[in-house]
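Q: One structure follows; several queries about it will come next.
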Amino acid sequence: MTCVRPDQRGFSLLELLVAMTILGMVGAAIAGAVRFGVMTFERGGTHMAALEQLHSVELALRNQFEALPLQLVRGADKKAVAVFSGQANAVQFLFSPPASARPAQEVLATLEARHGNILTLDLGAGDGQPRVLMHNLQSATFSYFGPSKPNAPSIWQDSWSQRARLPDMIEVTLQPAQDADWVQHRFVIALHTQSSRSL
């Protein structure tokens with residue numbers, strides 16, 4: 001028969017229960033931290049994807065308006081007329097495609113917010129299928145900077161109806177839907193024209 005000395009005694013049941021409880025709490029805390037980290041990583045990835053899409057939309061619109069000159073045409077009275085119409089939710093304009101595009105003729109294009117939640121660009125290809133630039137929008141609005149009438153100071157306006165000239169700049173405001181992973185995005189595009197041609 002073996003005899004246990006007082007200095008060789010083992011763990012009591014209470015000590016084991018306390019140790020298991022502490023280990024369980026530490027494990028639960030670690031699992032919660034890992035789950036939170038994974039959720040944050042996924043949310044960050046979704047947010048980055050939304051920011052990349054916003055950047056690509058802004059770049060596409062800048063290329064459209066800045067790199068491709070808008071056209072002025074001359075009517076029967078020999079006055080230059082801008083084929084440009086601007087409303088709060090749509091822009092329609094005539095532009096010259098690059099020389100590499102065939103046929104290299106002017107194209108009437110439309111940029112608009114459709115059905116309240118998508119932004120489209122129709123380059124007048126004739127296929128009836130506009131290019132969708134952005135989904136998940138609450139709204140897309142356009143403002144126009146320039147004089148409201150000849151010899152007037154330039155101001156921001158909700159629409160552009162001047163036929164004798166183009167606005168100097170267009171401000172595009174993209175408002176996300178409530179469940180979107182990005183905040184309101186606003187940018188300004190400068191316009192320039194090509195030499196006018198006769199009708």
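Just so you know, all these numbers are worked out from the coordinates, no wet-lab data involved. Being a predicted model, the structure only gives us computed values, none of them experimental. Neighbour counts run over all protein chains shown; Cβ positions are idealised from the backbone, glycine included.
Q: Along Cα→Cβ, 7 Å out, is where each label goes; now give me the distance between the ones at ALA177 and MET39 in nm to one decimal.
A: 2.2
Q: Estimate the FRET efficiency between PHE11 and ALA31 by the formula 1/(1 + (r/R0)^6), using the beta-carbon distance for r and 30 Å for R0, to the nearest 0.05.
A: Numbers: r = 26 Å, r/R0 = 0.86.
Efficiency at R0 = 30 Å is approximately 0.70.
Q: Okay, moving on. For TRP182, TRP160, what ranking results if the residue with the fewest other Cβ atoms within 10 Å of its Cβ goes first? Write down the numbers at each step before the final one.
A: On the way: TRP182 17, TRP160 22.
Listing TRP182, TRP160 from fewest to most nearby Cβ atoms yields TRP182, TRP160.
Q: In nm, to one decimal, how far is the LEU108 label point from the SER161 one, both placed 7 Å along Cα→Cβ?
A: 2.0
Q: SER148 to GLN92: FRET efficiency via 1/(1 + (r/R0)^6), r the Cβ-Cβ distance, R0 30 Å, to the nearest 0.05?
A: Numbers: r = 19 Å, r/R0 = 0.64.
It comes out at approximately 0.95.
Q: Given R₀ = 41 Å, FRET efficiency for HIS135-LEU23 by Cβ-Cβ distance, to 0.05?
A: After rounding, the FRET efficiency stands at 0.30.
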